[in-house]
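Asks: For reference, the structure I am asking about is given below.
The values are calculated or read from the model by the stated rules, or taken from the named source; none is laboratory data. Keep in mind it's a predicted model, so treat the numbers as computed, not measured. Cβ placement follows ideal geometry from the backbone for every residue including glycine, while neighbour counts extend to all protein chains displayed.
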Amino acid sequence: MTAIDQPLPTCPACGSPVSASASFCEVCGGPLTPTQAPVASGLPAEPISGQTRRLGSRASQATECASCGGPVGADGYCQLCGTKAPSARDHYRQSPADWVAGVCDRGRAHPRNEDALALWAQDDRAVLVICDGVSTSTDSDVAAQAGAEAARDLLAEHLGRPGVPAAEDVDQALVEAAAVANAAVVANTAEGSANAASATFAVAVVLDGRVHFANLGDSRVYFLGEQGGRLLSVDDSLAQAFIEGGMPREEAEAMPRSHAITKWLGRDATDLVPRVGSFRLDQPGWLVVCSDGLWNYASAPEQLDAQIAAVGSDDPAMVADRLVAWANDQGGRDNITVALARLRAVPADPEQSHSLDSAEAQASTTEQEHAEHG
Amino acid sequence: MAEFTSSVFQNEFLPDGGTDVNAIVTIRCTGAGEAGRTGRGDAGEIVVVDTSGSMGVTNMQAAKQAAMVALDNILDGTFFAVVAGNHKAYLAYPIVQTGAGMVRMDAATRTEAKRAISYFRAEGGTAMGTWLNLCRSLFDSIGNLGNKHVILLTDGENHNETPTQLDQAIRAAVGQFQVDARGIGVDWKVAEIRKIAQALLGSVDIIGDPSRLSAEFAALMRNSMARGVANADLRVWIPQGAQVMFIRQVSPSVEDLTHRGVPVNQLTMSYPTGAWADEERDYHIAVRLAAKTVGQEQLAARVQLAVGAELLTQGLVKAKWSADTNLTAQINPEVAHYTGQAELAQVIQEGLAAKAAGDEATATTKLGRAVQLATETGNAEATAKLRKVVDISDARTGTVRLRKAVDKADEMALDTASTKTTRIRG
C-alpha cells in the first residue's frame, strides 16, 4: 500500500488538503492529528518494553480503528482511543483456491498470535499446514510462521510437479516437510535463547482423490464427511497418553496439564518423525486442520461438524471466519487457527487401492481405529 | 543536525481491572551542535550580578571575577548583555539608552564589558523581579533569538518587592528565556530562587565558598553554549477518556511538569523542556486508563519530542491486560527507582521546612525516610549531604536524629540538591 492510493487528508477546521504527517494546517494553522510519521524522522526501534523480540514490522494495515472508528496511526494504534489495530500477524486469512481457505487469529486471551498457517492449492491439489507456537518459549510466533511456510513450500513444490506421485512418496514428503519445518524453527531461534522456540505441526495434503496427513503435537486433522466425521490425527499430548491408558477422552482432556505436548518442532525436539496416514475419499466433506484454540471448544468430530453445519455455507473462507469468530465467542483462550478444504468424492479407482493399502500399513494404530469407525 | 531518540522502560502488563500505567521515557539528544549556530536563530546570553549592599567586599569581588569568566566562555557572535541588580536593574553593558540592548560578542565588546563589570559597587537592596523584567526587555530588543539564557547570581532575600511582583515577573518570563540561578552565602531563600529556576527551566545551587564562583559560572556558560537545540517540547498524547496522573522530568533532576502543559489538540499536551545539548533526560509518565478485558492491548501514551511543529522522536507507552500474575506483579526497576527519587526530593524539602518551623518530630521522620530512600536508590550525593544535617543510626530503617549544630550552608546545600537524581540501568 502506498500513500498515493489513499485520499489526501483534509483539515477538519478549514477543509484544506494537508500532509498526513502535519501537526498543523498550513492554511489556517489549526491543530491536526498526524496519521503518519514524518518522513525520515528517525523513529526509534521498538521500545525496550516488550518481553521478547518482535517481528520486524508490527504496524497495522488497518486505517480505521475497529473499536472507535478513529484513524489508525503509523505506529499501529488508534489516534483517538489508543486501541491496538490488529497487525497482519494477529489475524490473517489465506485462500489459495475457492475450495481451500484458512484463518489464523490471536484469539482473546493471548497477547500474541503464535499460531501460523500456510496454504497452497493448484487445480485439485492442496497443501494445508498449521503450526502452533508454544507460548512459553521465546519468539515462537516468528518460528511457527517460518516452520509452516517451509513445510508448505516443500510440499507445494512436490505436488506442483507433473504426474501423479506414488502414495508412499507423498508420505515420505510429509516426513521431509516436518524436517524442513523444524530446520526453519531452529533457524528462527535466537542462538543464546534459554527457552528455545517450539511449535506443533499438522499438515494435510489433497491430491487425486486422496488425503495424506501428518502431525507432531496436538494440532489436529479431521475429515468431516457427509456420512460421518472422524479425527485423523493422533495428539502427541499427555491427554492422549491418558486415553491410551484407558481414560475416557472427555476426562483425559480435562486433566491438568493435558495440553502438555510430547512431540514438537524446535531446537530441543527429540522426535521429529510425524505420525503419517492417508485415505481415499469416498464421500464429499470438509477436510479440517486446526489448532487447539478451535478444538478446545469442539473436540469430537460431531461437535466440529455441527459448528460447520451451522454456518450453512460451502465457502471455506466464510466457514473459517465463522469458526474463528465462534471460538472467540467461547472465550478465545488460545490462538485460533483453522484451515479447510471442501472436498468432492472421486469415484474409486481400483488401480490405486494398492497404494491405499501400503499407506495404511504405515499409518498409525488410530488410523486403523478410524477404519473401524468408518 | 541534532538527532533525538527515545526508549521506554515499563511493565506494560496490567492485571484484570488494572488502570494505572507507569513508564520511564528516556530521550536522548546527539549532534546538538553549539548555541546559535544551528540555523535556528542567534543565541543570547545575559549575566545578572547582584550588586546589593549585602554582597560586601569579598562576595562582590568574587562575583565580578566570575562574571568576567562567564564572558570568556560566551562564543564570539553570540548576543550578550550584563545586568547589575539591586532594588533596581541596571544595564551595565552595552552602554546604551535606547535601541538594541544586546551586542554580539567579540574581542572588543568582551573587553569593554569586563571594564563595565569592574566598576560594580555593592550598594542598595534586592528586587529580582525587576532584574527579570529588564532581561526580558533586552532579549526582546533583539528579537528572533533562538537560545535565550540568563545566569543570575544573588546573595539575599527579595526584600524590595512583594512576592506578587516577583511572581508576575517570573510569569512574564516563562517561555521567553531560561535562568540558571546561584545563591552565594546563606542569607538567600532556597524556595524563592528555586521558584525562579524551576519556572524558567534552569538549575539552582548554593555557592558556599566565593572562590568556587568563577568555576561555576564558567561551567554554566559552557553548558549553555553547548545547547544547539534552542527550544524543544515534550508532547504527550493520551487516549480519549484517559487521564494524566502526573508527568515529571526525573533525570537529571526532578521537575513536576504536570500542570505546565499547553494543549496541542484534544488529546495531546505540550510541555516545555527548554534548550538541549548532547544529553539524556528521563521522564516519568503516569496515565490512568479505563480497564479493558484480559488479552487486550492498547496504547497508554505517545511520548514525543518536538522542535516547533516537527516531531523528532516518539516512544510508545503500552498497556496489555493479562491474567498472568508473574507478568503483572512485576514493577519495572526504572519506574521503582525514579518513584523513590521523586519521593526523596519531596521528603528532604518537607523535612527541612518542618525543621525550620521547629517541628522536630516531623523533621526527624521525613529526613529519616530521606536517608532510607537515598540509601535504597544509591544516591550517594544525597546521603552525604543528609549526613551533615542528621546523625544516622540505621540507614536501612531510616532511623536518624537531628544534629544539634548544623551549618546553615549544609542545610541549604541539601535543599538545593534535593531534586538531583541518580540513574540506573539494569
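Asks: So B:Phe80 ticks every box in (1) closer than 30 Å to B:Val190 by Cα; (2) in contact (Cβ under 8 Å) with a residue 40 or more places away in the chain but one. Which box is left unticked?
Replies: (2)
Asks: A further question follows. Among the residues of segment B:17-47, how many are within 11 Å of chain A (Cβ to nearest Cβ) and touching a helix residue (DSSP H, G or I) at 6+ places or on another chain (Cβ under 9 Å)?
Replies: Residues flagged as within 11 Å of chain A (Cβ to nearest Cβ) and touching a helix residue (DSSP H, G or I) at 6+ places or on another chain (Cβ under 9 Å) within segment B:17-47 amount to 3.
Asks: Would it be correct to say that A:Ala214 is in contact with a Ser or Thr (Cβ under 6 Å, 6 or more places away or on another chain) and under 30 Å from A:Arg249 (Cα atoms)?
Replies: Values: in contact with a Ser or Thr (Cβ under 6 Å, 6 or more places away or on another chain): no; under 30 Å from A:Arg249 (Cα atoms): yes.
No.
Asks: Continuing with the same structure: Please count how many residues of segment A:93-122 are over 20 Å from A:Ala177 (Cβ atoms) and out of contact with any strand residue (DSSP E or B) (no Cβ under 7 Å at 6 or more places or on another chain).
Replies: 5
Asks: Another question, if that's okay. If you check A:Ala239, A:Ala214, which single one turns out to be touching a residue at least 12 places away in the same chain (Cβ under 8 Å), within 24 Å of the chain's Cα centre (by Cα) and under 19 Å from A:Val338 (Cα atoms)?
Replies: A:Ala214
Asks: Which pairs turn up if I take residues in segment B:280-298 that are under 27 Å from A:Ile336 (Cβ atoms) and look for partners that are part of a loop (DSSP other than H, G, I, E, B) and among the polar types (S, T, N, Q) with beta carbon separation below 6 Å, at least 6 apart in sequence or on another chain?
Replies: If the second residue must be part of a loop (DSSP other than H, G, I, E, B) and among the polar types (S, T, N, Q), the pairs left are B:Leu289/B:Thr19; B:Ala291/B:Thr19.
Asks: Moving on. Give the residue that is surrounded by the fewest Cβ atoms within 10 Å (Cβ to Cβ), with candidates limited to residues of segment B:306-337 that are facing another protein chain (nearest Cβ under 9 Å) and of a type in the set (S, T, N, Q).
Replies: B:Asn332
One line per residue, one yes/no per condition, for (1) out of contact with any Gly (no Cβ under 6 Å at 6 or more places or on another chain); (2) under 23 Å from A:Ile130 (Cβ atoms); (3) modelled with pLDDT of 95 or more:
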| site | (1), (2), (3) |
| --- | --- |
| A:Leu304 | yes, yes, yes |
| A:Gly312 | yes, no, no |
| A:Met318 | yes, yes, yes |
| A:Asp334 | no, yes, no |
| A:Ala339 | no, yes, yes |
| A:Ala348 | yes, no, no |
| A:Asp357 | yes, no, no |
| A:Glu360 | yes, no, no |
| A:His370 | yes, yes, no |
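Yes/no per residue for (1) crowded, with 24+ Cβ neighbours inside 10 Å; (2) part of a loop (DSSP other than H, G, I, E, B):
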{"residue": "A:Gln307", "(1), (2)": "no, no"}
{"residue": "A:Asp314", "(1), (2)": "no, yes"}
{"residue": "A:Ala320", "(1), (2)": "yes, no"}
{"residue": "A:Ala339", "(1), (2)": "yes, no"}
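Conditions (1) under 13 Å from the mean Cα position of the chain (by Cα); (2) closer than 30 Å to B:Asn265 by Cβ; (3) crowded, with 18+ Cβ neighbours inside 10 Å; (4) within 14 Å of chain B (Cβ to nearest Cβ), marked per residue:
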{"residue": "A:Cys65", "(1), (2), (3), (4)": "no, yes, yes, yes"}
{"residue": "A:Ala85", "(1), (2), (3), (4)": "no, yes, yes, yes"}
{"residue": "A:Arg93", "(1), (2), (3), (4)": "yes, no, no, no"}
{"residue": "A:Cys104", "(1), (2), (3), (4)": "yes, no, yes, no"}
{"residue": "A:Gly107", "(1), (2), (3), (4)": "yes, no, yes, yes"}
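Asks: Can you work out which of the residues in segment B:1-16 that are of a type in the set (D, E, K, R) and either within 27 Å of B:Ala306 (Cβ to Cβ) or modelled with pLDDT under 90 (or both) is surrounded by the fewest Cβ atoms within 10 Å (Cβ to Cβ)?
Replies: This residue is B:Glu3.
Asks: With the checklist (1) in contact (Cβ under 8 Å) with a residue 12 or more places away in the chain; (2) in the same structural domain as B:Val25 (by TED's automatic domain parsing) in hand, flag the one item B:Asn265 doesn't pass.
Replies: Looking at each condition in turn, B:Asn265 falls short on (1).
Asks: For segment A:92-126, how many residues are outside any loop (DSSP other than H, G, I, E, B) and over 19 Å from B:Trp321 (Cα atoms)?
Replies: Taking segment A:92-126 first, the residues outside any loop (DSSP other than H, G, I, E, B) are A:92-97, A:100-105, A:115-122, A:125-126.
Now restrict to residues that are over 19 Å from B:Trp321 (Cα atoms): A:92-97, A:100-104, A:115-122, A:125-126.
Of the residues in that region, 21 qualify.
Asks: Hey, which of the strands (runs of 3 or more DSSP E) in segment B:275-326, taking only ones fully inside, have at least 2 residues that are acidic (Asp, Glu)?
Replies: Those strands (runs of 3 or more DSSP E) span B:279-288.
Asks: Now, a different point. Just to be sure, is A:Gly277 surrounded by 20 or more Cβ atoms within 10 Å (Cβ to Cβ) and either touching a helix residue (DSSP H, G or I) at 6+ places or on another chain (Cβ under 9 Å) or touching a residue at least 24 places away in the same chain (Cβ under 8 Å) (or both)?
Replies: Yes.
Asks: Name the one entry in B:Ala370, B:Ala353, B:Ala413, B:Ala409 that is under 21 Å from the mean Cα position of the chain (by Cα), without any contact (Cβ under 8 Å) to a residue 24 or more places away in the chain and in a helix (DSSP H, G or I).
Replies: Unique residue meeting the criteria: B:Ala353.
Asks: Considering only segment B:241-260, state which residues are within 14 Å of chain A (Cβ to nearest Cβ) and modelled with pLDDT of 95 or more. Step through it out loud before you land on a result.
Replies: Here is the first cut: in segment B:241-260, the residues within 14 Å of chain A (Cβ to nearest Cβ) are B:241-244.
Of everything in segment B:241-260, those that are within 14 Å of chain A (Cβ to nearest Cβ) and modelled with pLDDT of 95 or more turn out to be B:Ala242, B:Gln243, B:Val244.
Asks: Mind listing whichever residues of segment B:99-129 are in contact with a Pro (Cβ under 9 Å, 6 or more places away or on another chain) and either more than 23 Å from B:Leu145 (Cα to Cα) or not in a loop (DSSP other than H, G, I, E, B) (or both)? Explain how you work it out, then say what you get.
Replies: Going through segment B:99-129, the residues in contact with a Pro (Cβ under 9 Å, 6 or more places away or on another chain) turn out to be B:100-103, B:109, B:112-113, B:116.
Passing the criteria: B:Val103, B:Thr109, B:Glu112, B:Ala113, B:Ala116.
Asks: For residues that are of a type in the set (Gly, Ala, Ser) and either within 12 Å of B:Gln10 (Cβ to Cβ) or under 31 Å from the mean Cα position of the chain (by Cα) (or both), tally how many sit in segment B:321-343. Give the derivation first.
Replies: From segment B:321-343, those of a type in the set (Gly, Ala, Ser) are B:322-323, B:329, B:336, B:340, B:342; that's our starting set.
Keeping just the survivors that are either within 12 Å of B:Gln10 (Cβ to Cβ) or under 31 Å from the mean Cα position of the chain (by Cα) (or both) gives B:336, B:340, B:342.
Residues in segment B:321-343 being of a type in the set (Gly, Ala, Ser) and either within 12 Å of B:Gln10 (Cβ to Cβ) or under 31 Å from the mean Cα position of the chain (by Cα) (or both): 3 in total.
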